[in-house]
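Below is one structure, written out as structure tokens; the observations come after it.
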Amino acid sequence: MTRNERFTQSLLRYNREDCEAVRLLVDRLDQIRRDAATDPAVEFASRPKLTATKVGREVHQQFERILREAQETV
């Protein structure tokens, strides 16, 4: 509203930083997707790796329950 150049530059900087953060997030998620089959650190609730610990199995079971209940409420 003020057309103050300082505010304009601040908004532009914020938008650049926001776009950069989204780009980094998308790049990381894409890397996880590519590595998921072979990286033992990547697990999905819908298909847990066989190397899960007892605690890991319990967490996966809880996620599966949450996902089932969420699907039932939709």
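The values are calculated or read from the model by the stated rules, or taken from the named source; none is laboratory data. Keep in mind that this is a model prediction, so the values were computed, not measured. Cβ sites come from the backbone with ideal geometry, for glycine too, and all protein chains shown count toward neighbours. Accessible surface areas use protein heavy atoms only, side chains included; no ligands, DNA or RNA. Shrake-Rupley method; radii C 1.70, N 1.55, O 1.52, S 1.80 Å.
Restricting segment 22-74 to residues that are at pLDDT below 85 and β-branched (Val, Ile, Thr) leaves a set whose member that is nearest to the chain's Cα centre (by Cα) is Ile32.
One residue stands out among those in segment 1-40 that are part of a loop (DSSP other than H, G, I, E, B) and closer than 27 Å to Gly56 by Cβ: the one that is most open to solvent (accessible area, probe 1.4 Å), which is Thr38. Among the residues of segment 59-73, those that are surrounded by 11 or more Cβ atoms within 10 Å (Cβ to Cβ) and of a type outside the set (A, V, I, L, M) comprise His60, Gln61, Gln62, Phe63, Glu64, Arg65.
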